[in-house]
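Written below as structure tokens is the structure these notes are about.
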Amino acid sequence: MLLLFQPVITKKFLRKFIIGFFSKEALILIISCLLFFYFNQQITTFIGKYLVTSLTSNNIYLTVLTIVIVVFLISFQLIKITDRYKPAFEYWFILLAIIGMHFYYRVYLVNVPWSYLRISELKYLNCAYLDIIYASLLIFPIVYFTIWFKNLFRTSSELSVKNINIEDNPIENTDDDKIGYDDLVKRITGNVLHDIYNKSFTIGIVGPWGNGKSSLIKLVQNKIKENKPKNIVEINFYPFLNHNDEDIITEFFKSLSSKLEKYDGSLSKQLFGYADKLIQLYKKGDIKYFLDKHISLNSNTPAYNLYEEINSILKKINKKIIVYIDDLDRLNEKEIIQVLKLIRNTANFNNTVFIVAMDKKYVVDALKNSKDFQNERFVDKFFQLEVYLPEIKKSILLDLFEKLIFDSNEIEPKVKEKIKIALTRKETLFRYYISNIRDVKKLANQLIFENTFINDEINYTDFINFIFLKTHYPKFIQSLNTNRAKFLNHKNGFYYLNEKSPENENRTEALIKEFNRISDESSVEIDKYDIANLFKIEDNCYEKQFNLNCWDKELLLITLVELFGNQSPTNPDSIQHEYNFSKLMRLSFEKNDLRKNELDTLLSFTDFEDISKYLIAILKNNKGRQLIEQIKYIEPKTKEDLKTLTIILILCYNFIEEYQLFESDITYSLSFIIKPELYDRNSSLLKNEEWVSFIKKVYFESQKIKLYSKVRLLNLLWTNKGGNKLWGVGETYIKEIALKYFDEYLSKFNVTCWEKDDFKIFHIYNSLKDIGDIKNQINIEYIKFLKNNNLTVFCSQMLDTEAVDGNYKINNFVVGLFGSYDEFFDFVKKSHDNGNQQLNEFIEYLELMKITEFRGSLKYKFNDFPIREYPSKNYYYGFLESYKNLVQFFFEFNTVNIRKANDKLIDFTPLLTQLDLVIEIFQYDNKHFMFFFKNENNAQNEKFKIINMYASRIYNVLKSSIPNCHYKEITEENSIFIFDNDGIEIAKLKSYQV
């Protein structure tokens, strides 16, 4: 048993237990227990008097209530356990108090002024209802105690999780110090602990980004802790966590106060008061004197008095204050100035040491725009000592990188060996791109992450160099991907840099000098390649576009030469190979990636059926989009390659809907493969006649390609005929095949009618009508087709909704097909069967539309005519709300006198505006009609009021010229008669509102 607990009961464990026993939470628990026992009698009396009820027997309601409570408590605890909830101290305190009190009164204290109601079914167990409820509360503590007890016997390696990615944390242990900072740490620590300063002393840890400044500070902190000094107060201050430069002052003095308040009670108040004064001065703009070498505050100012009082207290408590400030190079100009004020002026306290990590170049560059900046040495006066971190040797960085890679569980052993070999090659640009530990960790993380997706198909020298290229020059990668012909030549399945032609040899003389700073160990010859001309000194366009300085330009060119400089590439694992190049340029991170052997197998087929069968297998594995992207980077080398690639893309276009492919990607890839020069009569790859015969067979006249797909692609071909030259088949053939496609599509409906929600026929019509001059021929065929087929479905499709509640208009498609709305109306009237009640109803609607000259829309209630389902109202909510209460109605008047009088109603126009009422007058079939529409809830009920108001004004105009003019108000039964038989009546045409 002793051996069992030996790993647990260690000196460290006992120390932790003793500290925990005297913690604030433990003291609260002990005091609460003592108070409970001290007031035990009063608590017992209170429970017996106020919390106990009389109940002598069991009942079903109590049982059900108990079950509900228990189920709820158990469920709640199980949910929290599965969520890995960590209870706070308050939870454990309350839970322990509740269970402890129950145990005390139920087991220990027998003589209590109440009794527990027991469960009759469990009488042999002497179990009460409250026992069940309290027992259900034990699930949480039992589970967590079990986990805690189990973890006691697990080693730290078992408890820890090995991360996939490598964190960029500063080292804290000298054993992890691979750079050799140990002597430097000892020297800094010795000086800090030994010296006593009258004012503050500032040490700058200076080095470039990622060079280990944070690690050095951590090592100094740990070294100081090892010496166990009793008079040291350490403060870690992180100014980059503050929101603005004023917060820096507040947070610094808050941190200082929290560390020093236990040594002097008045110091905290003094520090906060001092901080407030500084902020006030800062807001007033009177803070400029803080930039001087010494405090120059007027001795009568409150801020100066507070400063002196604080400094006096600090001398009395006799503590050395060490303030660590990391990442000064994360701050902006104003924040840097504020920190410098603190460390040299406003916090220039007795025996205070500031250890500040910074990239001095960044700090100086950031301060150049400040009005306080004087010269390059401006920052020097704030530091009494600057410790410059040496440049880390490349061999150290390389060893660290190899260790990180070999320690990773995400990379296979054989891949690790390949990476190690790649790092030994001078072509790998590790020495140029990696200059600090942060670079090492970033590259390692990038390799660990991306290695999974390259499937060991690319050599690791190229892969590592490409990682450098894309992480350092993302804008250039984008340009290279979209304009690769500008930078690279593509031949025989490989990409490579163009060498300069002899006539351009003199263009780069100045450039050679610019790029002569290449390391002696490098054999890269930048000036021999044409790409150097794109970065010539006198033209800085690319400098601005890619944000390049001189060294960036040089390094970019070195990288491109290493990646694509080989003029005779043969290695299939090189980045120059079109498959590998496209894979990396696409930045594809798909686990189900299209493998090179799959692509090679597909490209090896020449038979249409074989290609189709293998392609479908690729598409079913969701690799279609990758394949289409891959083809953009492939150059056909033989006529068989050209034919195979063309068939693949046409088949992909045929399967767009089935496999969710992108039409634009396919057509874009087609433009790469089928170029005008390929079917030129002088083409060396494929003669014109052979190409025309091939493309007609596999696309235009193929029965294996869906008609709808052929039509869509034909439309795109015609639309872009200026660039694709119609693939060499000629305009005459294109027009003939377009008419054939349309007739072929119409013929399929000679037996079976299409559905009212099937709009493919319109898509086909619109795709073909603009090809050449065939629109009239297509219209004739289409109209002839409609005469002999179900006209009702076509009319239903021509009925568009503009709003809710039966508001319709006629689609303007009929204008393009018939010439006008009137011709469409005449066609429907002549072509329909009078016995077709559905079309009779539609014609009634058309007559109303004809009255209004087919302007706008009308409300109409169709009873028999089939209406298509429209999108839900919620889809058009904001737009349709204005139509919700729209009311429309017609009135017919039988005399031209009324129409003439209407033109004289000048005074009626303002009234119409006031009533939000629109009146239009139309003439149709030798009759006159008034069309009213109004947007109002009760407009339907007010239609007679509106027309009577209108008629009264007509009457006032006419009575001067017609002496015997008279009228009576219109009602449901009566019309308005102005004079004899001249008057206004409700239109006899069927309308939704009439």
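Every number here is computed from the coordinates shown, using simple stated rules; none is lab data. None of these values were measured; they are calculated from a predicted model. Cβ placement follows ideal geometry from the backbone for every residue including glycine, while neighbour counts extend to all protein chains displayed.
Annotations for the structure displayed:
- Highest-first arrangement of 338-349, 413-424, where packing means the average Cβ count within 10 Å: 338-349, 413-424
- Contour minus Cα-Cα distance for residue 377 and residue 74 (0.36 nm per residue): 102.2 nm
- 18 Å Cα-Cα threshold exceeded, pairs from 710/748; 228/320; 596/643; 213/403; 230/259: 596/643; 213/403
- Over 28 Å (Cα to Cα) - which of 319/360; 418/639; 225/361; 86/442; 334/361 fall in this group: 319/360; 418/639; 225/361; 86/442
- Extended-chain gain in nm, criterion 0.36 nm per residue less alpha-carbon gap, residue 755 and residue 236: 179.3 nm
- For region 703-768, the convex hull drawn through the C-alpha positions has a volume of 90 cubic angstrom per residue.
- Percent of alpha-carbon pairs separated by more than 29 Å within region 347-500: 44 percent
- Ranked 721, 230, criterion: other C-beta atoms within 10 Å, fewest first: 230, 721
- For region 590-705, the percent of C-alpha pairs falling in each 10 Å distance bin, counted from 0 to the bin holding the largest distance, reads 13, 48, 32, 6, 0.
- Two-site FRET efficiency, residue 831 against residue 601, from Cβ-Cβ distance with R₀ of 60 Å, rounded to 0.05: 0.60
- Calculated FRET value between residue 60 and residue 663, using beta carbons and R₀ = 60 Å, to 0.05: 0.30
- Along each principal axis, Cα extent of region 724-800, largest first, Å: 42, 25, 19
- Listed by Cβ neighbour count within 10 Å, with the fewest neighbours leading, 462, 822 appear as 822, 462.
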